[in-house]
Amino acid sequence: MPNEIELNQKEQSLIAIGASVAAGCQPCTAYHVKAARTAGACERSIALAVETALTGRTSATAGMGEWAARCQGAKPEIDAEFRCNRPGYPPLEQVAFLKLSCAAPGAIVYQG
């Protein structure tokens, strides 16, 4: 195809960082950040890839929230009893709670 361009390893790695961050894949992000550094990407380029992906992810989440609200229609009240009294299920707050700890400089790992 006449419009095809070839990306070098550094460019591919920066794109992979963005995709990994946007997808929320921590091991992928760590791998691709290391690969980008190895390919010669500067820290500002890596930071820009991360920032761009986070902006896209935030925007997509907000847009999906608006779409889900339109699909749902009238929104019922969800009171504390409903949240905590669901037979056979733990309280939603327990399910959603995640602890963060630093495994290595710059790496964040979720522990449930």
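No other residue among 30, 49, 36 is of a type in the set (A, V, I, L, M, F, W, C), surrounded by 17 or more Cβ atoms within 10 Å (Cβ to Cβ), in contact (Cβ under 8 Å) with a residue 40 or more places away in the chain and outside any loop (DSSP other than H, G, I, E, B) apart from 30.
Among the listed residues 35, 53, 41, identify the single one that is touching a Gly at 6+ places or on another chain (Cβ under 6 Å), closer than 30 Å to residue 10 by Cβ and at pLDDT 85 or above. Talk me through it step by step, then tell me what you get.
On the way: 35 fails: touching a Gly at 6+ places or on another chain (Cβ under 6 Å); 41 fails: touching a Gly at 6+ places or on another chain (Cβ under 6 Å).
Matching residue, one of 35, 53, 41: 53.
Here is the figure for segment 1-21: residues that are surrounded by fewer than 18 Cβ atoms within 10 Å (Cβ to Cβ) and aliphatic (A, V, I, L, M) total 5. Checking each residue in segment 18-27 for being out of contact with any Lys or Arg (no Cβ under 9 Å at 6 or more places or on another chain) and touching a residue at least 24 places away in the same chain (Cβ under 8 Å) picks out 18, 19, 20, 26.
The values are calculated or read from the model by the stated rules, or taken from the named source; none is laboratory data. These figures come from a predicted structure and were not determined experimentally. Positions of Cβ are backbone-derived with ideal geometry, glycine not excepted, and every protein chain shown enters the neighbour counts.
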